[in-house]
Every structure is written in structure tokens, then in C-alpha cells.
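Below is one structure; the comments refer to it alone.
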Amino acid sequence: KILILGAAGQVGIDLTEKLIEIFGTENVIASDLKIPENPKCKFLQLDALDKEAIKEVIIHEKITTVYHLVAMLSATGEKKPLLAWKLNMDTLFTILEFAKEGLIKKIFWPSSIAIFGPTTPKINTPQSTIIEPTTIYGISKYAGELLCQWYYQKHKVDVRSVRYPGLISWKAEPGGGTTDYAVEIFYEALRNKSYTCFLKEDTRLPMMYIDDAIEATIRLMTTEAETIKTRTSYNISAFDFTPSELAALIKKHIPDFQIRYSPDFRQNIADSWPQSIDDTQARQDWNWNPRFTLEKMVSEMLSKLTNKLKV
Ligand code: VAH
């Protein structure tokens, strides 16, 4: 059985639905700090920092695989560094230890392109390169990658990871990220035909539609262990764009959409990250291949949100 920690978050909402589709409702247990309305499967209220509560669920529900999605993202992490470190690291240690003790068989844990810093090559950032993150979130995600690799090498823990770029989705709003503008802009375009962007118009970042991120996650988790050559975390990539490029594509659907730019503290975070990612190794090792183009993502987001917002 599968346990998802952080199932109400931006990745969790879509991943839970996909896991139910593949493995069946009876084999998926979702959990988060708060239970969302109309959950699609058994949903437990769980604090990921409560080791005993998690251990109880793993044993009682006969969990074999854990998708550990709990984290404090980059922007909030800069404001609450101690809580970000605690939440991101202590919970990862807990799950890795449970696997080492034989309580669970397999773990998915997401890393992020946020592990790369200003000294990393920004164009087609390689799988292995200079990694000197300058945000607490990035530091915690890179430390987490090295922890996963240590537990794999020392205790054969089967933990698998991908470095998500900025993710764009409509089912759940993201919280506390620097790439959140790329989601907020769609809501504002449909509601007010205008958006004030907190990044400069030429800030290029690697991004991906949620369906491709979920596809990569499932593919990595279901591939044979032998095909996995990297036990820190895999680069994955789909497309990259700037706020002005995204605004121009939205204008094709909403001609009188207006965007203004008012950069805030998140500009420095974005400027420390790569502009595009080389994901050759994921493509070679486990046949990663994104399906959504930038244009397809834009039309999909606008049509799905039009229904969701009933605009
Ligand atoms: C963030 N959405 O903005 C996350 C992600 C690469 C960005 O890690 O913090």
C-alpha cells in the first residue's frame, strides 16, 4: 500500500489522483496537516513531524511505499529558515530511517532545481555540476539528496528522486514558491484580465506542466531498480520561459490581458537559479519524455481554470 505525505499540496493533489488511477483507491492512503474537502481516497490528518503517528499508520495500514512530498518552499523558507530546515530535513530522516529498519520498501522524495546556485552553469544545467545553493530551501534539498544517496549506499534504501522545475497546475494552488507567479498569472488573467508579476519580465526559469511532473514521478518509481544510475536526484525538464513570454501567450487567448512588473525579494532567489536544464540522463536511464509544450500548457491551464473558476 502507498502512503502520501503532503497529499494536499500542489504536487500531492495531482499525484494522489494518479496513484489512485493506477493502483486503486484501496491501495492509496493520503495524508496532510489538513484534510481537503471531497478527498478521493482514505485521507488521514497527519503532522509529518510526528514520527510515532507516521510509524503507527505505516504499520497499521501495511504501507510499503511512501511518497514524501512535505516541504516548505523557497520563498517561505527564506522567512522561516529554522522551521524550513526542520520540516524539510527531520521528516526526510524519519522516512529514511523507517526504510532502513525495514518498515517500508520504497520512497519517493522530490528535490528541486533550487539546489543549483549562482555558480552553476545557467544554460542546459548538467546532471552533475557545481552545486552551491543560496537559499535555505535549496540547501535543504541538496542536503536531502546527499542523505538519500547515503541511505542507499550504506543501507540499500530504495529512495528515488527527481529535481522538479517550477510546476504549473490548476487543481491546487502552490504555496510559498518563487515560481508561483506562473500559476497565479492564470487565475488573475481570467478573473481581472491583469496581473502584477513579482519577477522581472526577462526572468527565465525552467518550468513543467504538472501532468509531466507526475508522469516522471510514476515512471521513476515503477522502473527497475537496475536502470537507476543516480541516487541523489535526476534533472528533469520540459520547457523554460520568461514572464513576458508567458504573458504574450496568454494574450493570444485573452487579448486585453495586461501585465505589470513589481519585483520583490523573490527576484534574488530566481536570479540564483538556472534558466534551462539538461535532462539527458533521465531520458537515457528510464525513458523520461515530457508531453506538454509551453503552448499546450497555456491552453490547458486556461480551459481547466475557466471551468474551475466558472468565469
Ligand atoms: C519554489 N516551486 O518555487 C518551488 C520550486 C524550482 C521551484 O522548487 O520554491
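The values are calculated or read from the model by the stated rules, or taken from the named source; none is laboratory data. The shown structure was predicted, so the numbers you read here are calculated from the model rather than taken from an experiment. Virtual Cβ from ideal backbone geometry, glycine too; neighbours counted across all protein chains shown. Ligands, DNA and RNA are excluded from the accessible area calculation, which covers all protein heavy atoms including side chains. Shrake-Rupley method; radii C 1.70, N 1.55, O 1.52, S 1.80 Å.
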query: Can you pull the percent of the stretch 112-161's accessible area that's carbon plus sulfur, 1.4 Å probe, other chains left in place?
result: 60 percent
- line: Mean Cβ-within-10 Å packing, highest first, puts peptides 107-113, 298-304 in the order 107-113, 298-304
field: Length-normalised contact order of the chain in % [C-alpha pairs under 8 Å, at least 6 apart]
entry: 19 percent
task: Return the whole-Å distance between the Cα centroid of the stretch 224-288 and the Cα centroid of the stretch 153-211.
output: 8 Å
The chain - mean residue ellipticity at 222 nm from DSSP helices (-39,500 (n - 2.57) per run, n ≥ 4, rounded to 500): -12500 deg cm²/dmol
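Highest first, please rank the peptides 160-172, 278-290 by the mean number of other Cβ atoms sitting within 10 Å of their residues.
Result, highest mean first: 160-172, 278-290.
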message: Placing unit charges on C-beta atoms (Lys and Arg positive, Asp and Glu negative, everything else neutral), compute the dipole magnitude of the stretch 90-223 about its Cα centre in debye, rounded to 20.
response: 340 debye
- prompt: Within straight cross-link reach of Lys252, meaning Cα distance under 30 Å, which lysines are found once same-chain residues fewer than 8 apart are removed?
  reply: Lys122, Lys171, Lys193, Lys200, Lys296, Lys304, Lys308, Lys310
- prompt: On average, how much accessible surface per residue is there in the chain, in Å², for a 1.4 Å probe, leaving out ligands, DNA and RNA?
  reply: 43 Å²
field: Electrostatic dipole magnitude of the chain [Cβ: Lys, Arg +1; Asp, Glu -1; Cα centre; debye, to 20]
entry: 140 debye
